[in-house]
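One structure is given here, and the rest of the page talks about it.
The values are calculated or read from the model by the stated rules, or taken from the named source; none is laboratory data. Here the structure is a predicted model, which means the values were calculated and not measured. Heads up: the accessible areas ignore ligands, DNA and RNA and are worked out on the full protein's heavy atoms, side chains in. Shrake-Rupley method; radii C 1.70, N 1.55, O 1.52, S 1.80 Å.
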Amino acid sequence: MSAASSLFAGLLCLCTTLTAQSPPRFTLPEVPFDYFPVPAPGAKAIPARNDALPLAIANRRAALGRVLFYDVELSATRTRSCGSCHRQEHAFADDRRFSRGARAPTARNTMPLQNLGQRRAGFFWDERAAGLELAVLLPITNHAEMGMTMPAVVERLQALPDYAPLFTAAFGDAGISEARVGWALAQFVRALVSQGSRFDEGLVLAGGDVDADFPNFTATENRGKALFVGTGSTRRHSCAECHLGHHYGPCGHSWTPLPQNLQAETSRNNGLDAGKQDDDPGRAGVTGLDADRGKFLAPSLRNIAVTAPYMHDGRFATLDEVMQFYATGVRATANLDPVLAPTGRGGWGGGRRDHPLQLHTASLASPLVDLGLNLTPDERHDLVAFLHTLTDRTFLSEPRFADPFVAP
Ligand code: HEC
Ligand code: HEC
């Protein structure tokens, strides 16, 4: 046992002793969890910790972050924790259109929390937070969600005897500050890595080539995958253009997907709304630019089968409804993303009749005509089957991410 881990074990005993009089509020394992396991052979590591931080410290910060994440003391009413809305069995989203906050329902659908160390865009549906350390604190001070002030949080945590040993283990002394709460929460959230889906296994079996048929997939799932990622020149008309990380070649034209990153890199307008004044402005609410109206950052599509309902306002109850929307319900506003815009409006590969995701409306007789991708019912079925391969059962039940609080 290293000096550092015996110190930690000692502190844990101290924690138990201190709380011996009253029953402990939460239970942590005697041997601290490892929040940063080495990925399976052949799988690319997903960034989960700052490499400058020693592993043992990062683990203790994540362990503290886990307790904070599930502690209702962080909300004004002592009724809601991060985990009340971000529920593990739903990939840290929940199953409601709008979640119950301490004081009011949320204005948007709760986003899943997974692989956020890989995020290249900002945080939240409108990217209003640039960094995760800030993003994890905003819900605490949001009036509807938790309704606290940070000084009040610090004061409450100082009054709870069970936190001093955890802060000491994570930061070297028992000092509690807003910044430390942010660092610990962010470290736990970044450790929420999902990489154990059948898609991940298939990607390793296929040597990292997302275009190859995956040997562990059914024919339906492989067809859905091909529709999702497109191939060659059709890539830029595929779902992957908006939903996979990617990088451009030297000339800016070759497009290489980073398939293990199933996250959008920028907010886009996917044609959900007709552009009315009372629609959620999305990104425009942050930038004030008309060109950003109706643009949203799509969360990772990992575990998408368990994060219903869908979209920023949870308007679609099922993945079938989402596919029906992409097939026939896309609204052609001025801000509609070029990937979904028809020929003549700057759409890439416009006029390509051979493309599997060919847009089926070629003219814009009315500016609000509904558009869509030319998806047959079979193709919609294949896409949904593919999306189900992104479910990672281990992630959804992993004990190191679970609620450590003892039920009253
Ligand atoms: C009342 C429900 C609720 C609570 C409590 C809550 N959240 Fe959230 N969370 C949401 C909603 C809703 C969103 C999306 C908000 C938006 O974009 O406007 C969100 C978004 C996020 C995001 C951005 C994810 C992304 O992909 O960009 C992070 C990070 C996050 N929450 C972390 C936390 C943490 C940490 C806590 C506890 C301190 C917490 N949340 C408490 C509902 C909640
Ligand atoms: C032009 C970019 C774009 C294309 C192309 C696109 N999407 Fe999306 N997708 C988005 C955006 C942006 C959102 C979030 C929109 C919102 O909530 O306002 C989204 C949301 C979703 C969601 C719901 C996510 C959630 O967590 O609620 C699913 C599922 C989805 N898309 C699947 C697909 C599939 C499958 C395809 C291909 C048939 C596709 N998308 C094509 C941009 C795109």
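Hey, can you find the accessible area per residue of region 56-131 for me, probe 1.4 Å, expressed in square angstrom?
35 Å²
Quick one: with all protein chains in place, what share of the accessible area of region 192-249 is carbon or sulfur, to the nearest percent (1.4 Å probe)? It would help to have the intermediate numbers written out before the result.
Working: 1220 of 2170 Å².
Accessible surface attributable to carbon and sulfur in region 192-249 totals 56 percent.
Starting from the Cα-Cα distance between L160 and S397, subtract it from 0.36 nm times their residue separation and give me the gain in nm to one decimal.
Extra length available between L160 and S397 comes to 82.5 nm.
Where a Cα-Cα gap under 24 Å defines reach, which lysines qualify for K295, not counting those fewer than 8 residues away within the same chain?
K276
When the chain is fully extended, how far beyond the present Cα-Cα distance does N216 get from A45, taking 0.36 nm per residue of separation? Intermediate values should be presented prior to the final figure.
Details: separation 171, 0.36 × 171 = 61.56 nm, distance 2.13 nm.
Extending this stretch completely gives an extra 59.4 nm.
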